[in-house]
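The values are calculated or read from the model by the stated rules, or taken from the named source; none is laboratory data. All of these numbers come straight from a predicted model, not from anything done at the bench. So basically every Cβ, Gly included, is an ideal-geometry build from the backbone, and we count neighbours across all protein chains shown. Quick note on the areas: whole protein, heavy atoms, side chains included, nothing else; ligands and nucleic acids left out. Shrake-Rupley method; radii C 1.70, N 1.55, O 1.52, S 1.80 Å.
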Amino acid sequence: MNRIKIMKEPSEKKEIPASAGRIAVQVDDLTVAYNYKPVLWDIDLEIPEGVLMAIVGPNGAGKSTLIKSILGILKPIAGSVSIYGKPYDQQRKLVAYVPQKGSVDWDFPTTALDVVMMGTYGSLGWIKRPGQKEKKAALEALEKVGMLPFKSRQISQLSGGQQQRIFLARALVQDASIYFMDEPFQGVDATTEIAIINILKELRKSGKTVIVVHHDLQTVPEYFDWVTFLNVKKIATGPVKDIFNDDNLTKTYGINYKVSIQE
Amino acid sequence: MNSAQIEIQLIASLVAIACAIPGTFLVLRKMAMISDAISHSILPGLVVGFFITQDLNSPLLILLAALTGVITVILVERIQKTGLVKEDTAIGLVFPALFSIGVILIAKNANDVHLDVDAVLLGELAFAPFDRLIISGVDVGPKSLWVIGIILSVTITLLIAFFKELKISTFDAGLAASLGFSPALIHYGLMTVASITTVGSFDAVGAILVVALMIAPAACAYLLTTDLKKMLGLAIIFGVFSAISGYWLAHWLDASIAGSITTMLGLLFLFIYLFAPNKGLIAVIYREKQQRIEVSLLTFLLHLKNHSEERERHVNHLQEHINWQKVRAKTVLELALKNNMILIDNKIVSLTQKGDEFTSKAIDYIITNEDAQIEDMKDDFFLFRG
Ligand SMILES: Nc1ncnc2c1ncn2[C@@H]1O[C@H](COP(=O)(O)OP(=O)(O)OP(=O)(O)O)[C@@H](O)[C@H]1O
Ligand SMILES: [Mg+2]
């Protein structure tokens, strides 16, 4: 099944060369540690503009850590990151981020609409407050992810998949060029997963770069055109059709994945 | 009311507001214990400040003591970061250490220092009006009123300016950082405000009441609203209410004002904990009961939908067919009738069209878990809430 889908990919990929060539994200010699214990070792990574890329690797491989370091949330002990050739600090407005689900306080007194509005804070900068324009953008994003009926709901009263859609809407409202999403499919049902991946594919079509931490290896060839294998070190990065193979899977996960992939 | 009474209530109210604002964010950040730590560990800062300035209301003393508060937070975080102990343990290590340094400093200099531990812990609001601020011979009011007034103005200005930043860094520090709002800066800003407020208030109301005024009103408000602005507003109202009612309670009982205000805060929290419309204990119990009834109703409607034989739909026989022991059949019948979902004709129950549609929709919802279609049903039925 999946083999066939891999074969199909190239026809869809014809749009990419148009925007390819520029490097959206460049990571050089990145080493990140928690309490002096390195969890990412000497990572070099180039993400071309306009790809829909999966980051795969086992639990604790450092996938979230990699994204957080690219976004300046964590300070690396060595190495550097650039977004379109400049440090992240100068390129903030080009980047949107969907954190892994556990990282926010779901009991916080705030509504779905309010959370989506937070996506506009970055372009507002310090002190300035969101107004009608920001609210309109947030409502549009909610509409896009099918969550408009829930706009006034307190966020803890949403199901896991709905919460994930709210996060996606918050990233959409940032209107960025590069999207980082940490496990957007975690705990969502098949319908929501398809809805989300369609939005991501749409983003790529409009020339955006989308980077997604992904756990379901089965769907990698179907959803993504680019992939990075990570396990403390970078194992491989490149087009799915070239490098998504048993060899790299085995190197990353340490067990033979051949059987499960071909199923 | 004489002017001293008015002044006392005014001071207590301003302290309540000044505490409720940082308190709301402390509660949301699950850092209630930090305010306790700050309130105790500012003691050495106060003592040293007092040696230098000889004036409990001097701005320098307030800043020195607030600095000790921020140092406490930093120490707690340092110890926690080693990964050897949890936050509560770190707090338990830091503040007794700093507090005891303060106590020793006072004891060593007891002869020439006009400061005692009791006053620090409990404060004495009743005496606040006697310490007056005189500017070129004119009495402009109690010193502590000025101190807390200035602190409150600064707090409100900061709150208005950085509301958005406080909100996002409290809710989602990762996003805040990625958008360029330094969560660390906001964190230490909040800790500084909390420390300054603690120092500025405790002279009037004491360390224990400061903690109560920071945490209790915010905790009450948290039970009542899902909107951050309303939570702040409610916390302020509860704080002021407790301050004023506590004052009169003390007046009536001839007891300590600080103690009475704390008592009022405790009673208020108990009341709200029991009676809050959604999160309150009674509401939760009531909701569970309603849900039980509604599940029975649905079972009953489904039974009607599935059985066309009259025998199955006779009022007297319903008891045998459905598990009625848990809920009285009467309640369910009444609920169904009230909602025009059934008709009873000659003791034979049948579904109305509305009842039929409702049942299909409800079953559909339970199976598919698709929320959007039944949004409108939620107000009628607890079953579909959450
Ligand atoms: N705040 C932290 N302090 C100390 N160690 C941490 C911290 N966060 C993560 N780690 C460690 O760093 C390593 C990488 O964590 P990371 O969250 O990046 O993994 P991940 O690949 O995203 O895993 P998952 O698939 O479970 O989300 C893990 O070994 C983890 O235990
Ligand atoms: Mg992760």
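Carbon-plus-sulfur fraction of the accessible area of chain B, 1.4 Å probe, in percent? Intermediate results must be reported in sequence, preceding the final value.
On the way: 11830 of 18520 Å².
Its accessible area is 64 percent carbon and sulfur atoms.
Please compute the alpha carbon radius of gyration of the protein assembly as shown, then divide it by the globular-protein estimate 2.2 N^0.38 Å. Two decimals is fine. Intermediate values should be presented prior to the final figure.
Numbers: Rg = 30.6 Å, N = 649, 2.2 N^0.38 = 25.8 Å.
Against the empirical 2.2 N^0.38 Å value, I get 1.19 for the protein assembly as shown.
Charges only on Cβ, +1 for Lys and Arg, -1 for Asp and Glu: so what's the dipole of the stretch B:3-277 about the Cα centre, in debye to the nearest 20?
Working: 12 positive and 17 negative charges, 163 e Å.
Dipole of the stretch B:3-277, to the nearest 20 debye: 780 debye.
Quick one: Cα centre-to-centre distance for the stretch A:143-216 and the stretch B:11-27, in angstrom?
38
So who's got an amide H within less than 5 Å of the one on A:Phe180, skipping anything under 5 residues away but keeping other chains? H placed 1.01 Å off N, in plane.
A:Ala96, A:Tyr97, A:Val98, A:Ile211
Per residue in the stretch B:158-199, which ones lose no less than 50 Å² of accessible surface when going from chain alone to all protein chains (1.4 Å probe)?
For the stretch B:158-199, once contacts with the other chains are taken into account, B:Lys164, B:Lys167, B:Phe171, B:Asp172, B:Leu175, B:Ser178, B:Leu179, B:Phe181 lose 50 Å² or more.
Give a residue-ordered list of calculated ³J(HN,Hα) values for the stretch B:241-248 (Karplus: 6.51 cos²θ - 1.76 cosθ + 1.60, θ = phi - 60°; whole Hz; x for Gly, Pro).
Using θ = phi - 60°, the values come out as 4, 5, 4, 6, 5, x, 4, 6 Hz.
Percent of accessible area on chain A owned by carbon and sulfur, 1.4 Å probe? Let's see the in-between values first.
Details: 6080 of 11610 Å².
Carbon plus sulfur share of accessible area: 52 percent.
Where the centre of each part is set by its Cα atoms, how far does the stretch B:120-177 sit from the stretch B:188-209, in angstrom?
About 8 Å separates the Cα centre of the stretch B:120-177 from the one of the stretch B:188-209.
Under the rule of -39500 (n - 2.57) per DSSP H run of 4 or more residues, summed and divided by the residues of the protein assembly as shown, what mean residue ellipticity at 222 nm is obtained, to the nearest 500 deg cm²/dmol?
Values: 27 runs with 382 residues, N = 649.
One gets -19000 deg cm²/dmol as the mean residue ellipticity at 222 nm.
Would you mind working out the magnitude of the charge dipole of the stretch A:166-263 relative to its Cα centre, with +1 at each Lys and Arg C-beta and -1 at each Asp and Glu C-beta, to the nearest 20 Debye? Could the numbers behind the result be given before it?
On the way: 10 positive and 13 negative charges, 74 e Å.
Dipole about the Cα centre, nearest 20: 360 debye.
Which residue, A:Ala24, B:Ser153, B:Gly266, has the largest displacement toward the positive end of the dipole of the protein assembly as shown when charges sit on each Cβ (Lys, Arg +1; Asp, Glu -1)?
A:Ala24
Per residue, how much accessible area does the stretch B:3-277 have with a 1.4 Å probe, in Å²? Present the calculation step by step, with values, prior to reporting the outcome.
Working: 11470 Å² over 275 residues.
Ligands and nucleic acids excluded, the figure is 42 Å² per residue.
Across peptide B:221-232, what mean number of C-beta atoms from other chains lies inside 10 Å of a residue's C-beta?
That works out to 3 on average.
On a 22 Å Cα-Cα criterion, which of the cross-link pairs A:Lys63/A:Lys251; A:Lys151/B:Lys338; A:Lys151/B:Lys164; B:Lys164/B:Lys229; B:Lys164/B:Lys230 come out too long? Please list the in-between numbers first.
Details: A:Lys63/A:Lys251 16 Å; A:Lys151/B:Lys338 31 Å; A:Lys151/B:Lys164 19 Å; B:Lys164/B:Lys229 11 Å; B:Lys164/B:Lys230 15 Å.
In this structure, A:Lys151/B:Lys338 lie more than 22 Å apart at Cα.
Report the antiparallel proportion of the DSSP beta bridges in chain A as a percent, rounded to a multiple of 5.
Working: 21 of 38 bridges.
Antiparallel bridges: around 55 percent, rounded to the nearest 5.
Please give the Cα centre distance for the stretch B:256-291 versus the stretch B:215-235, rounded to the nearest Å.
Each part's Cα centre sits 13 Å from the other's.
Which residues belonging to the stretch A:84-100 lose at least 30 Å² of 1.4 Å-probe accessible area when the assembly is complete, relative to their chain isolated?
Residues shielded by partner chains are A:Arg92, A:Tyr97.
Residues with amide H under 5 Å of A:Gly79's amide H, sequence separation 5 or more or different chain, H placed in the peptide plane at 1.01 Å from N; which?
The answer is A:Thr31.
Could you name the lysines whose alpha carbon sits less than 18 Å from that of B:Lys361, not counting residues in the same chain fewer than 8 places away?
Qualifying lysines at Cα under 18 Å: B:Lys305, B:Lys378.
In Å², rounded to the nearest 100, what is the total accessible surface buried by chains A and B against each other with a 1.4 Å probe? List each step's numbers first, then the result.
On the way: alone 13050 and 20040 Å², together 30130 Å².
Answer for the A-B pair: about 3000 Å² buried.
Just the number, please: Stokes-Einstein D of the stretch B:3-277 in µm²/s, Kirkwood Rh from C-alpha pairs, 25 °C, 0.890 mPa s. Let's see the in-between values first.
Numbers: Rh = 19.0 Å.
My calculation gives 129 µm²/s for D.
Give me the percent relative contact order of the stretch B:3-277, please, defined on Cα pairs under 8 angstrom at least 6 residues apart. Could the numbers behind the result be given before it?
Working: 409 pairs, mean separation 81.6, N = 275.
It rounds to 30 percent for the stretch B:3-277.
From the residues B:Gly49, B:Thr89, B:Val240, which one has its Cα farthest along the dipole of the stretch B:3-277 in the positive direction, the dipole being from +1 and -1 charges on Cβ of Lys/Arg and Asp/Glu about the Cα centre?
Farthest along the dipole direction, towards plus: B:Thr89.
Determine the dipole magnitude for the protein assembly as shown: charges of +1 sit on the beta-carbon of Lys and Arg, -1 on that of Asp and Glu, nothing else is charged, the reference point is the Cα centre, and the result goes in debye to the nearest 20. Each step should come with its number before you reach the end.
Details: 61 positive and 63 negative charges, 189 e Å.
Dipole size: approximately 900 debye.
Pull up all non-local amide H partners of A:Ile235: gap of 5 or more, or a different chain, and H-to-H distance under 5 Å with H placed in the peptide plane.
Under 5 Å from the amide H of A:Ile235 lie the amide H atoms of A:Phe229, A:Leu230, each far enough along the sequence or on another chain.
Could you work out the mean count of beta carbons from other protein chains within 10 Å of each residue's beta carbon in A:140-150?
Mean number of neighbouring Cβ atoms from other chains: 1.
Quick one: accessible surface of B:Leu270, probe radius 1.4 Å, all protein chains present, in square angstrom to the nearest 10.
It works out to around 100 Å².
Could you please report the charge total around A:Ala112, scoring K, R as +1 and D, E as -1 over all other residues with beta-carbon less than 10 angstrom from its beta-carbon? Please report the intermediate quantities before stating the final value.
On the way: positive: A:Lys151, A:Arg153, A:Arg165, A:Arg170; negative: A:Asp114.
Local charge sum for A:Ala112: +3.
Between B:Val315 and B:Phe271, what is the FRET efficiency for a Förster distance of 35 Å, r being their Cβ-Cβ separation, to the nearest 0.05? Intermediate values should be presented prior to the final figure.
Working: r = 43 Å, r/R0 = 1.24.
Once rounded, the FRET efficiency stands at 0.20.
Among A:Pro149, A:Trp41, A:Ala61, which residue has its Cα furthest toward the positive end of the charge dipole of chain A, with +1 on Lys/Arg Cβ and -1 on Asp/Glu Cβ?
It is A:Pro149.
Name the longest site-free stretch of chain B, where the excluded sites are trypsin sites (Lys or Arg not before Pro) in a DSSP loop with no more than 13 other beta-carbon atoms within 10 Å.
Numbers: sites that count: B:Lys30, B:Lys86, B:Lys326, B:Arg328, B:Lys347, B:Lys378, B:Arg385.
Result, exposed sites excluded: B:87-325.
Using Cα-Cα distances under 8 Å and only pairs 6 or more residues apart, what relative contact order does the stretch B:205-314 have, in percent? It would help to have the intermediate numbers written out before the result.
Details: 98 pairs, mean separation 24.7, N = 110.
Relative CO of the stretch B:205-314 lands at 22 percent.
Identify which of B:Ala176, B:Ala219, B:Ala12 has the largest mean-square fluctuation in a Gaussian network model of chain B, with springs joining Cα atoms closer than 10 Å.
Looking only at B:Ala176, B:Ala219, B:Ala12, the largest GNM fluctuation is found for B:Ala176.
Quick one: Karplus J couplings for the stretch B:152-165, per residue in order, coefficients 6.51, -1.76, 1.60, θ = phi - 60°, nearest Hz, x for Gly and Pro?
5, 4, 4, 4, 5, 4, 5, 4, 5, 5, 10, 4, 4, 5
Report the label-to-label distance for A:Asn245 and B:Asp139 in nanometres (one decimal), using points 7 Å from each Cα along the Cα→Cβ vector.
Placing both labels 7 Å along Cα→Cβ, they lie 9.3 nm apart.
Roughly what would the spin-label model give for B:Ile344 and B:His251, points 7 Å off Cα along C-beta, in nm?
A separation of 5.8 nm, rounded to one decimal place.
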